[in-house]
Ligand SMILES: Cc1cc2nc3c(=O)[nH]c(=O)nc-3n(C[C@H](O)[C@H](O)[C@H](O)COP(=O)(O)O)c2cc1C
């Protein structure tokens with residue numbers, strides 16, 4: 001199948017025919033998914049957050065064994081993830097408040113009550129970046145923070161293109177000033193975490209919608225670099241709408257979670273494609289703002305008014321509970337990340353079918369304009 005590039009400049013920069021990038025997603029974007037997306041003409045992206053350097057290298061090697069097409073590797077550049085906060089600096093009442101919510105649910109899995117702060121996290125981001133440069137990956141994908149000029153330069157020196165996801169216009173301008181080759185405008189409908197490099201107040205973090213942000217980012221930097229739209233896009237009509245808004249293509253997360261090759265659990269795929277798909281905005285699972293399927297946990301966390309532990313220490317504090325829920329197939333006590341358009345998913349196709357269907361549907365819509 002040969003797809004006519006919908007965006008010639010995106011094709012020139014990233015070497016892809018289908019203007020569809022698959023988001024890096026921990027545990028979901030396994031090599032089989034990444035390679036399937038790239039082989040179908042899009043850009044598959046490995047997620048390397050929290051992976052030790054040898055695991056980043058083997059994921060890259062696994063993808064290379066499955067495709068000769070361009071692919072990317074994603075990581076967060078968030079201030080509190082690159083250098084993890086000191087758990088001892090967290091006030092006692094914040095630890096107590098967060099643990100109280102987790103303790104409310106621990107008896108469900110016979111887990112012990114916890115009152116302590118979590119241990120310090122390892123800083124793995126810079127080591128992962130070193131592996132990416134060493135491996136001369138085709139594309140580096142930055143989320144939750146913009147890469148500094150020196151980092152962009154390191155990638156450019158080895159022939160790697162830099163894609164940067166932002167949730168605000170100022171970051172889009174900053175990313176391009178720092179040398180990014182492609183900007184992704186992530187609207188608040190997006191599944192997963194909001195792409196800010198530092199923790200913001202809830203109301204600010206929830207700004208802006210995809211249509212609002214994409215138009216603003218296209219106006220600000222679209223004359224210089226290709227712009228991709230992200231957040232709540234699941235089909236060809238969505239891609240066509242984003243192209244009409246002036247973007248060069250889309251980055252999809254939730255649609256690819258519910259595919260055959262995705263590493264997501266069968267339970268997660270089922271929850272994304274059937275029944276109630278209401279989503280909530282919470283920092284109770286990791287410490288950073290994210291959109292997930294609404295659950296007993298998100299409701300309880302919200303009602304408690306508890307403050308999340310900083311960086312990713314909230315994830316570390318709740319690890320026993322969230323892992324037990326995952327292991328036992330409890331959909332109420334684990335983060336099932338989902339975009340606001342999850343309610344429009346009804347099937348679990350292959351990644352290649354997703355790309356083919358979206359591109360052909362968008363082409364037909366644009367041709368009839
Ligand atoms: C399960 C899941 C995991 C995600 N993990 C990451 C990640 O590791 N890095 C990143 O930059 N973005 C991540 N995202 C956010 C996506 O990059 C993207 O902004 C979002 O998925 C787009 O909205 P959509 O889910 O409605 O398609 C994740 C999204 C989901 C759904």
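Each DSSP beta bridge with both residues in the chain is either parallel or antiparallel, and the antiparallel ones are about 20%.
Coordinate range of the alpha-carbon atoms in the range 251-369 per principal axis, descending: 51, 30, 25 Å. If you average the C-alpha positions of the range 239-262 and of the range 6-69 separately, how far apart do those two centres end up, in angstrom? Their Cα centres are 14 Å away from one another.
Using 0.36 nm per residue and subtracting the Cα-Cα separation, the extra length available between residue 123 and residue 100 on full extension is 5.6 nm.
Taking 66, 102, 49 as the candidate residues, the one with maximal mean-square fluctuation in a Gaussian network model of the chain, Cα springs under 10 Å, is 66. Quick note on the range 69-146: its Rg to Rh ratio, both from C-alpha atoms and Rh being the Kirkwood radius, is 1.16. Between residue 304 and residue 170, the simple spin-label model (points 7 angstrom out along Cα→Cβ) gives 3.2 nm. Annotation: extensible slack from residue 267 through residue 9 equals 89.0 nm (criterion: 0.36 nm per residue apart, minus Cα-Cα distance).
Entry note, the chain: relative contact order of 19 percent, from Cα contacts under 8 Å with a spacing of 6+ residues.
Modelled this way, with points 7 Å down the Cα-to-C-beta line, the labels at residue 260 and residue 216 are 4.1 nm from one another. Here the chain yields Rg over Rh of 0.95, to two decimals, using C-alpha coordinates and the Kirkwood radius.
Here the range 181-300 was treated as a single set of alpha-carbon atoms; its pair distances binned every 5 Å from 0 give 2, 11, 19, 20, 20, 15, 9, 3, 1, 0 percent.
Only DSSP H runs of four or more residues enter the estimate; each adds -39500 (n - 2.57), and after division by the residues of the chain the mean residue ellipticity at 222 nm equals -12000 deg cm²/dmol. P(r) tail for the range 136-236, what percent of Cα pairs lie past 18 Å? When every Cα pair of the range 136-236 is considered, 43 percent fall beyond 18 Å.
When the Gaussian network model of the chain links Cα atoms closer than 10 Å, the mean-square fluctuations of 137, 90, 358 top out at 90.
Placing pseudo-labels 7 Å out from each Cα toward the beta carbon at residue 133 and residue 364 gives an inter-label distance of 4.8 nm.
We did not get these values from a lab; they are worked out from the coordinates using the rules stated. Since the model is a prediction, treat every value here as computed from it, not as a measurement. All Cβ positions, even for glycine, are placed from backbone atoms using ideal geometry, and neighbour counts span all protein chains on display.
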